[in-house]
Amino acid sequence: MSEGIERPWALMRHHAGWADVFHVETETADSVTGFYPDRETVGPPVTYSNRAVLARFPTMEAARAAREGAVLEWRKHDAAVRDAEAALRDAEKAREDAWLKCLKDAAG
């Protein structure tokens, strides 16, 4: 079990900007097996590739603190992302308008 695992707590990517705390019960060179302690129902252990692990920690508290710090860092960029998305929508609209104008001009 996890007693022999030096850093049995992991952060696993859930979606962009969020990671779930995962308890590693066993591991091999290629995979980790364990459970998500924060989920309402803890089912049977699940196995993932080691590539799914974002970071490892010695305690659950350390994993949670790292996750919260990372969320704060992620949020620092929200305004820039919104601005970039707005600029992209404007550029896509300009492209669409130019394409339609070109077609209409060719038909006229």
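The values are calculated or read from the model by the stated rules, or taken from the named source; none is laboratory data. Keep in mind it's a predicted model, so treat the numbers as computed, not measured. Note that we place each Cβ from the backbone using ideal geometry, even for glycine, and neighbour counts take in every protein chain shown. Just so you know, the surface numbers come from the protein's heavy atoms only, side chains and all, with ligands and any DNA or RNA stripped out. Shrake-Rupley method; radii C 1.70, N 1.55, O 1.52, S 1.80 Å.
What to note about this one:
- Estimated from the Cβ-Cβ distance and a Förster radius of 25 angstrom, the FRET efficiency linking Val81 and His14 is about 0.85.
- Using the Stokes-Einstein relation with a Kirkwood hydrodynamic radius computed over Cα pairs, the translational diffusion coefficient of the chain at 20 °C and a viscosity of 1.002 mPa s comes to 125 µm²/s.
- In the range 1-34, GluC sites (Glu not before Pro) in a DSSP loop with at most 12 other beta-carbon atoms within 10 Å: Glu6
- Average accessible surface area per residue within the chain, 1.4 Å rolling probe, Å²: 72
- Estimated FRET transfer efficiency (Thr47, Trp74; beta-carbon r; R0 35 Å; 0.05): 0.80
- Length-normalised contact order for the chain - Cα pairs under 8 Å, 6+ apart - percent: 23
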